[in-house]
Amino acid sequence: DYEAKNNAKLVRMGMNTAIAIALHNFPEGLATFVATLADPNVGAVLAIAIGIHNVPEGLCVALPIYYATGNRRKAFLWGVLSGLSEPVAALLGWAILANHFTDDVYAVMFGVVAGMMVVISLKELIPTAHRYDPQDTVVTYSAIVGMAVMSLSLCMFIV
């Protein structure tokens, strides 16, 4: 039956999205932890920014599951579970590295987290965006605007 197959695809897409977002959130949790240790003000700003951008991520997980099952609780639960890797990563970072932080460890951690985010962007986010925008009407422009926003935000921290 067509509807059952379509619902199964939606659930599978929601679950795959949950896994991808959980993997994506892990380095964000590490980044927030490292930033907070380096400068609590920067860590707080980063935590708020990441928290805001986690809302649409949770919706990307929850909506396909809700439309496939009609179960709000299940959709909400999967959305929340996909975001829990962030505080778990921060706690793991603290548990493993709290007594060993030096400038060199900060540098390595920021480099590792930045590398993870670049790989996720290049291997997952941009190709997925191109699948849904095959004519490239917004993906490239959005990537350029995103790079400009990141550059400006870095300049604003220097001032």
Could you tell me how many cubic angstrom of Cα convex hull volume segment 113-159 has per residue? 60 Å³
Kirkwood Rh and Cα Rg combined as Rg/Rh, segment 4-82: 1.12
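Length gain on complete extension for the stretch residue 4 to residue 49, per 0.36 nm per residue less the alpha carbon to alpha carbon distance?
In short, 12.4 nm is gained.
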Max mean-square fluctuation residue, GNM over the chain, Cα-Cα springs under 10 Å, options 144, 120, 96: 144
Show me, for segment 28-33, the HN-Hα J-couplings you get by feeding each phi into the Karplus relation (A = 6.51, B = -1.76, C = 1.60, θ = phi - 60°), rounded to Hz, glycine and proline as x. 5, x, 5, 4, 5, 4
Expressed as a percent, the accessible surface of segment 8-133 that is carbon or sulfur, using a 1.4 Å probe and the full set of protein chains, is 73 percent
Viscosity 0.692 mPa s, temperature 37 °C: Stokes-Einstein D of the chain from its Kirkwood Cα radius, in µm² per second? 189 µm²/s
Give me the log10 of I(q) over I(0) for segment 91-136 at q = 0.13, 0.19, 0.20, 0.22 Å⁻¹, as the Debye formula computes it from C-alpha points; what are the numbers? -0.47, -0.67, -0.70, -0.77
Local electrostatic count at residue 27 - Lys and Arg +1, Asp and Glu -1, tallied over other residues with Cβ under 14 Å: -3
Solvent-accessible area per residue for segment 3-94 (1.4 angstrom probe, square angstrom): 57 Å²
Give me the compactness ratio for segment 53-139, meaning the Cα radius of gyration over 2.2 N^0.38 Å. 1.45
Hey, what number do you get for the chain at 222 nm if only DSSP H runs of n ≥ 4 count, each worth -39500 (n - 2.57), divided across all residues, to the nearest 500? -29500 deg cm²/dmol
Between residue 154 and residue 19, how many nm apart are label points set 7 Å from Cα along the C-beta direction? 3.3 nm
Ranked packing of 129-138, 20-29, 46-55, 6-15, most packed first, by mean Cβ within 10 Å: 20-29, 6-15, 46-55, 129-138
Could you compute the net charge surrounding residue 126? Neighbours are other residues with a C-beta less than 14 Å from the C-beta of residue 126; K and R count +1, D and E count -1. -1
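The values are calculated or read from the model by the stated rules, or taken from the named source; none is laboratory data. No experiment lies behind these values; they were computed from the predicted model shown. Methodologically, a virtual Cβ is constructed for each residue, glycine included, from the backbone with ideal geometry; neighbour enumeration extends over all protein chains shown. The protein model used for the area step is the full one, side chains on, heavy atoms only, and it has no ligands, DNA or RNA in it. Shrake-Rupley method; radii C 1.70, N 1.55, O 1.52, S 1.80 Å.
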